[in-house]
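Worksheet: one structure, shown below.
The values are calculated or read from the model by the stated rules, or taken from the named source; none is laboratory data. In this text the structure is predicted, and so the values were computed from the model without any measurement. Glycine also receives a Cβ, built like all others from the backbone with ideal geometry; neighbour counts cover every protein chain displayed.
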Amino acid sequence: MAEQERREQERFSLHLQTKIMAESRTGITPFLEFVTADISAGGAFIETSRPLPMASRVRLEFFLSLDELAMLRFILARESLKAWQGERAWVSATGVVIRVEEKGIAVIFDQNYQLSAIHRVDTAPVIGAE
C-alpha cells in the first residue's frame, strides 16, 4: 500500500533563489544563498550541502514573480501587492527547520505568516558559489 500524502498544501518544484538567516543556540548566521527544490504555502525544502541545525529559527527571502506567488497561494500584505513593480521581487517569511537531510533542509513556515515584498527589482542578483 502506498504511503498516504500528509501535506495539506500543494507542493511545487520551483527552483527559486533563496536567502536564509538562521538563529540557533550558537548565534545568528549571516544571510546564506541557496535554491529551493520545492515549495508550498506551508514550507519549503532548500537544497544545501551545509545544512542548518534542526529547530533553527530562520528568516527566508524568496525571489519570485507575481505568477509564482499566486500559484503558491501565499498571503501577501495588500500594501506590498500595490507597491509591487517589475516582474519579480524578494519576498520574506519566517519559519523553523523541521528536517535535515544529506541534500538539504525542510522548513515549515510560521503558522500565521504573512509575506512582505522587501525589494522591487526586475532581475535576480548573481548567486555566489555555495
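Among residues belonging to the stretch 1-35 that are loosely packed, with under 11 Cβ neighbours inside 10 Å and among the hydrophobic types (A, V, I, L, M, F, W, C), point out the one that is modelled with the highest pLDDT.
Here is the first cut: in the stretch 1-35, the ones loosely packed, with under 11 Cβ neighbours inside 10 Å are 1-8, 13, 25-27, 30.
In the following step, the residues that additionally are among the hydrophobic types (A, V, I, L, M, F, W, C) were identified as 1-2.
Working: Met1: 40, Ala2: 43.
Ranking the candidates gives Ala2 first.
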Could you please tell me which pairs satisfy a Cβ distance under 6 Å, a separation of 6+ or placement on different chains, a first residue in the stretch 67-94 that is under 17 Å from Leu16 (Cβ atoms), and a second residue that is modelled with pLDDT of 80 or more and basic (Lys, Arg)?
-> Thr94/Arg59
